[in-house]
Amino acid sequence: MDTAEYERAWRELAEGVVNRKHGFHTFTLATVGADGFPTARTVVLREADAATRILRFHGDARSPKFDELRGRPQVCALFYGETERFQVRVSGTATVHHGDDLCRTIWDAMQPISRETYRTPFAPTSPREESDSDAALLALPDAFQHFAVCRIAVTTLEWLALSRGINPRARHDFDTDGAMRTHFLHP
Ligand SMILES: Cc1cc2nc3c(=O)[nH]c(=O)nc-3n(C[C@H](O)[C@H](O)[C@H](O)COP(=O)(O)O)c2cc1C
């Protein structure tokens, strides 16, 4: 079974983590809310590990997506690189980390500028009042309480490579024991 494009998918994801200009640096994360409706938003890809099949992003623990993820951890993540002409769609199960050792390790290693967004006392998506001051920031050590990490364990990875003529596409499903089943698909 030719898995060259599967391996490419993980290479592109890994490149997206370190290269801000790569199309995979950000992705669309879809979650399902308590009302059964999907919601999607852009997040930055922070880790993509082919060996463990884990993706990671960070966010403000107060934002609605983390409540959604705790209630319904099934997610879809969509990546498209225009230069690479390559799409990756992932299904997986999310685990939210908040205030634990993993968050602390990542927080301590983060660029100072990246910690700044967590200093606001206002929860993301809360209504903005005219009196709300952008200057009312928490002390940096207190901002850690707002930092959340989400790890997505990939259960299905699908790729589509745009090329002249044929557009090869395949889906790779993983059993609970990690065995991969590959299905080549019509685009
Ligand atoms: C380019 C870009 C990158 C973003 N990266 C993140 C991110 O890494 N984490 C995050 O929580 N929100 C990120 N956002 C904001 C989200 O798209 C979203 O607006 C916010 O997190 C609220 O989402 P929610 O209401 O679904 O929880 C980013 C937005 C843009 C446009």
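What follows is calculated from the coordinates using simple rules that are stated; it is not laboratory data. Please read all numbers here as calculations on a predicted model, not as lab measurements. Cβ coordinates were reconstructed from backbone atoms using ideal geometry, including for glycine residues, and neighbour counts include every protein chain displayed.
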Ranked Ile166, Ile113, Ile54, criterion: other C-beta atoms within 10 Å, fewest first: Ile113, Ile166, Ile54
Angle in degrees between helix 4-18 and the longest Cα principal axis of the chain, rounded to the nearest 10: 20
Computed Kirkwood radius, in angstrom, where 1/r is averaged over Cα pairs of segment 44-187: 17.5
Residue exposure sequence - Val43, Val149 - by fewest surrounding Cβ within 10 Å: Val43, Val149
Segment 56-99, dipole about Cα centre (Lys/Arg Cβ +1, Asp/Glu Cβ -1), debye to the nearest 20: 120
Cα Rg, Dmax, segment 1-86, angstrom units: 14.0, 44
Residues Glu130, Glu12, Glu5, Glu82, sorted so that the one with the fewest Cβ neighbours within 10 Å comes first: Glu130, Glu82, Glu5, Glu12
Relative intensity, log₁₀ I(q)/I(0), of segment 70-127 from a Debye sum that treats every alpha carbon as a point, q = 0.23 Å⁻¹: -1.02
Ratio of the Cα radius of gyration of segment 98-165 to 2.2 N^0.38 Å, where N counts its residues: 1.66
